[in-house]
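S.K.: Mind having a look at this structure? Questions to follow.
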Amino acid sequence: MPYLDDPLIIFTDLDGSLLDHHDYSWQPAQPWLDKLSAAKIPLILTTSKTPAEVATLQSALHLTHLPFIAENGAMTHLPSDWRTGDEAPFHINGAGYSEIRQTLVELRQRFDFEFRGFGDVTPKQVAVWTGLSEPQAELAMQREASEPLVWFGNDLDFAHLKKCLAREGLALTRGGRFWHVMAAGAGKGQAVQWLTGRYQQKRGQPVISIGLGDGPNDLSMLEAVNYAVVIKGHHDHEMPLHRDDITRVFRADEFGPQGWSQGLNHFIPLL
């Protein structure tokens with residue numbers, strides 16, 4: 001069982017996890033945020049949100065000195081003191097946004113697929129889909145390496161879309177509200193492993209990782225960490241984890257930041 005004085009790293013999903021699914025508040029988790037800050041434990045935001053959205057949240061949560069993982073793991077941001085030489089601020093895994101959009105538009109024209117992505121609609125429509133304000137929706141549309149979709153078609157066409165994307169080196173990941181198109185092989189788990197390696201290299205010692213998430217797009221992250229917290233989600237998707245160490249998996253019976261806090265209470269004893 002990890003303690004606050006161990007070399008911990010915590011990776012957390014945002015919507016439906018650290019942030020409430022409905023009002024995006026993190027206040028119920030504030031006592032734990034204060035404890036982690038006091039113990040200098042890195043809290044790595046690991047989310048489907050865009051870098052522009054995460055930067056705003058990082059500032060509000062006083063985490064701007066830390067890396068973050070955005071767009072479901074399709075990209076990782078490193079602070080300036082982490083970069084070596086001419087290393088870019090963003091590590092992008094696979095295709096960029098314009099390439100993804102071009103592929104989606106071509107496939108829709110060719111096969112008459114029934115979907116709409118963020119690149120097809122206005123900030124007002126994204127605000128309706130997400131519950132965000134229009135200025136927040138504009139930040140959500142500043143994408144670098146993934147595209148959220150709303151699917152309106154049938155299951156057969158959806159299976160066909162998956163196959164078409166696979167041929168283009170792309171894949172679909174299920175989030176809390178949307179399907180996300182990004183490079184095949186990209187994902188939160190891959191990004192968590194990459195960033196954990198960077199942390200271990202930077203510190204010169206092994207680290208202990210805890211992951212917290214509520215949706216299917218969090219599963220790869222929850223399998224990549226040492227300890228996994230599955231937060232109760234506002235969806236009916238199963239959350240199977242293929243792990244042998246089931247004692248290191250905790251399934252919260254509360255939603256959002258309440259379930260988030262419940263998970264840390266379970267794994268980290270307070271001395």
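The values are calculated or read from the model by the stated rules, or taken from the named source; none is laboratory data. Just so you know, these numbers come straight off a predicted model, no measurement behind them. Cβ placement follows ideal geometry from the backbone for every residue including glycine, while neighbour counts extend to all protein chains displayed. Side chains included, ligands, DNA and RNA excluded: accessible areas come from the protein's heavy atoms. Shrake-Rupley method; radii C 1.70, N 1.55, O 1.52, S 1.80 Å.
S.K.: How many of the residues making up the range 220-242 are under 16 Å from the mean Cα position of the chain (by Cα), open to solvent by less than 30 Å² (accessible area, probe 1.4 Å) and not small (Gly, Ala, Ser)?
M.R.: 7
S.K.: Being hydrophobic (A, V, I, L, M, F, W, C), free of Cβ contacts under 8 Å to residues at least 40 places away in the same chain and over 25 Å from His77 (Cα atoms) is the filter here, so list the residues in the range 105-151 that pass it.
M.R.: Hits for the range 105-151 are Val105, Val121, Ala127, Val128, Val150, Trp151.
S.K.: I would also like to ask the following. Looking at Thr12, Thr46, Thr76, which is the one that is at negative phi, at pLDDT below 95 and within 12 Å of the chain's Cα centre (by Cα)?
M.R.: Among Thr12, Thr46, Thr76, only Thr76 is at negative phi, at pLDDT below 95 and within 12 Å of the chain's Cα centre (by Cα).
S.K.: Okay, moving on. Can you name every residue in the range 33-58 that is within 22 Å of Ile268 (Cα to Cα) and either open to solvent by 10 Å² or more (accessible area, probe 1.4 Å) or part of a loop (DSSP other than H, G, I, E, B) (or both)?
M.R.: Hits for the range 33-58 are Leu33, Asp34, Lys35, Ser37, Ala38, Ala39, Lys40, Ile41, Pro42.
S.K.: For Glu144, indicate whether it is open to solvent by 20 Å² or more (accessible area, probe 1.4 Å), in contact with a strand residue (DSSP E or B) (Cβ under 7 Å, 6 or more places away or on another chain) and among the acidic types (Asp, Glu).
M.R.: yes
Here is a yes/no grid of residues against (1) under 30 Å from Ser80 (Cα atoms); (2) touching a residue at least 60 places away in the same chain (Cβ under 8 Å):
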{"position": "Asn217", "(1), (2)": "yes, yes"}
{"position": "His234", "(1), (2)": "no, yes"}
{"position": "Asp245", "(1), (2)": "no, no"}
{"position": "Val249", "(1), (2)": "no, no"}
{"position": "Trp260", "(1), (2)": "yes, yes"}
{"position": "Gly263", "(1), (2)": "no, no"}
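S.K.: While we're looking at this one, here's another question. Among the residues of the range 61-87, which ones are in contact (Cβ under 8 Å) with a residue 24 or more places away in the chain and assigned to a helix (DSSP H, G or I)?
M.R.: Answer for the range 61-87, where residues must be in contact (Cβ under 8 Å) with a residue 24 or more places away in the chain and assigned to a helix (DSSP H, G or I): Glu71, Asn72, Gly73, Trp82.
S.K.: Only one of (1) outside any helix (DSSP H, G or I); (2) under 30 Å from Arg108 (Cβ atoms); (3) out of contact with any Asp or Glu (no Cβ under 9 Å at 6 or more places or on another chain) fails for Arg177. Which number is that?
M.R.: (3)
S.K.: Regarding the range 59-74, can at least one residue be identified that is of a type in the set (Phe, Trp, Tyr) and open to solvent by 50 Å² or more (accessible area, probe 1.4 Å)?
M.R.: no
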